[in-house]
Amino acid sequence: MDEARILDILIKLGYITKEQALRAQSEKGKDEDIISALLRLGLIDDTKLLDFYKRYFPNLLWKGSLQEIYLPDYIKVKLPEETLRKHYIAPIKYQEDKLYVLTINPFNNAALNE
């Protein structure tokens, strides 16, 4: 989902104002996604963001448990810790040649592409 659409939804649902959206866009860092900018600027907090995800994107929320996580060693060595920390990503499952990750921002295309 693109940045403009995310902001439009957040505005229409009352999570942020149009002015806050414009501020986030203008102050967003070069490699920063819009959700991270909103959080960094204090324009939305993690409680509101989680509420937004629960209500409108429940399929994006992880419902597993830490005890279920198993990753083969050959996958672990391919995941640079710096990248995981940079994008707030945690690998949670590897199944049928697919890696599943947990992230604070499922709309972060830079993280998905990296």
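Yes or no, residue by residue, for (1) loosely packed, with under 10 Cβ neighbours inside 10 Å; (2) not acidic (Asp, Glu):
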{"site": "3", "(1), (2)": "no, no"}
{"site": "15", "(1), (2)": "no, yes"}
{"site": "26", "(1), (2)": "yes, yes"}
{"site": "73", "(1), (2)": "yes, no"}
{"site": "82", "(1), (2)": "yes, no"}
{"site": "109", "(1), (2)": "no, yes"}
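Every condition in (1) assigned to a helix (DSSP H, G or I); (2) surrounded by 13 or more Cβ atoms within 10 Å (Cβ to Cβ) is met by residue 54 except one, and the failing one is (2).
Criterion applied to 15, 56 was being hydroxyl-bearing (Ser, Thr, Tyr) and modelled with pLDDT of 85 or more, and the one residue passing it is 15. Residues of segment 1-38 being free of Cβ contacts under 8 Å to residues at least 12 places away in the same chain, assigned to a helix (DSSP H, G or I) and under 16 Å from the mean Cα position of the chain (by Cα), which ones? Once the filter is applied, which keeps residues that are free of Cβ contacts under 8 Å to residues at least 12 places away in the same chain, assigned to a helix (DSSP H, G or I) and under 16 Å from the mean Cα position of the chain (by Cα), segment 1-38 yields 4, 5. Against the test of being within 21 Å of residue 111 (Cα to Cα) and at pLDDT below 95, the options 27, 32 yield a single qualifying residue, 32.
Does residue 48 count as surrounded by fewer than 12 Cβ atoms within 10 Å (Cβ to Cβ), basic (Lys, Arg) and either in contact with a helix residue (DSSP H, G or I) (Cβ under 6 Å, 6 or more places away or on another chain) or at pLDDT 75 or above (or both)? Against the criterion (surrounded by fewer than 12 Cβ atoms within 10 Å (Cβ to Cβ), basic (Lys, Arg) and either in contact with a helix residue (DSSP H, G or I) (Cβ under 6 Å, 6 or more places away or on another chain) or at pLDDT 75 or above (or both)), residue 48 does not qualify.
The values are calculated or read from the model by the stated rules, or taken from the named source; none is laboratory data. These figures come from a predicted structure and were not determined experimentally. Neighbour counts run over all protein chains shown; Cβ positions are idealised from the backbone, glycine included.
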